[in-house]
1. Say we join alpha carbon atoms closer than 10 Å with springs in a Gaussian network model of the chain; which of Gly48, Gly134, Gly67 then has the biggest fluctuation?
2. Could you let me know the centre-to-centre spacing of region 27-79 and region 93-112, using Cα atoms, in angstrom?
3. Fully extended, how many nm does the chain gain between Ala10 and Gln55 (0.36 nm per residue separation, minus their Cα-Cα distance)?
4. For the chain, what is the mean residue ellipticity at 222 nm derived from helices alone (per DSSP H run of n ≥ 4: -39500 (n - 2.57); sum divided by total residues; nearest 500 deg cm²/dmol)?
5. Within the chain, how many lysine pairs that are 8 or more places apart, or on different chains, have C-alpha atoms less than 25 Å apart?
6. So what's the net charge close to Ala90: Lys and Arg +1, Asp and Glu -1, counting the other residues with Cβ under 14 Å from its Cβ?
7. What FRET efficiency do you get for Ile145 and Thr73 if R0 is 22 Å and r is their Cβ-Cβ distance, rounded to the nearest 0.05?
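Please treat every number below as a calculation from the coordinates, not as lab data. All of these numbers come straight from a predicted model, not from anything done at the bench. For neighbour counting, all protein chains shown are included, and Cβ atoms are generated from backbone atoms with ideal geometry for every residue, glycine included.
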Amino acid sequence: MKGNRIIKQALTILAARLREPGAVIASPRFAYDYLKLNLAELQHEAFGVLFLDNQHRVIEFDLMFRGTYNESTVHTREIAKKALSLNAAAVILAHNHPSQNARPSQRDIRLTREVKRTLDLLEVRVLDHVIIGGMEEFSFVENGIL
């Protein structure tokens, strides 16, 4: 499929840029576009974490949890372990809604607060939680939830 090939090419270019020495998430738009390319086309829910250093340079993006068509089980402990193992100073949480509705559920909001509380104890900042619904995104920070 031509669309999938183009998305893979774009992901390859963005991933290469993120791996360049000093690559920084310099704007929310860059983060949204990168996350859309990784999550928008999935037919199942997936929850990923963009791990950053204290200069907001990308350490790693990890799709940590895979779910069904409408939910994914997320383990806060696993996010904390990975953040510590990578020596991350900050994270951007992200997941998709295959329904293409980017609005958060109450469960999404509770989970975000739980992850933030846990990571705060470890001095890892949660910069945002972004939900990708098709080609739309919902930022918890931009909407005053985080």
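1. Gly67
2. Here the answer is 12 Å between Cα centres.
3. 13.7 nm
4. Helix-only estimate at 222 nm: -12500 deg cm²/dmol.
5. 6
6. Neighbourhood net charge equals -1.
7. Efficiency, from the Cβ-Cβ distance: 0.55.
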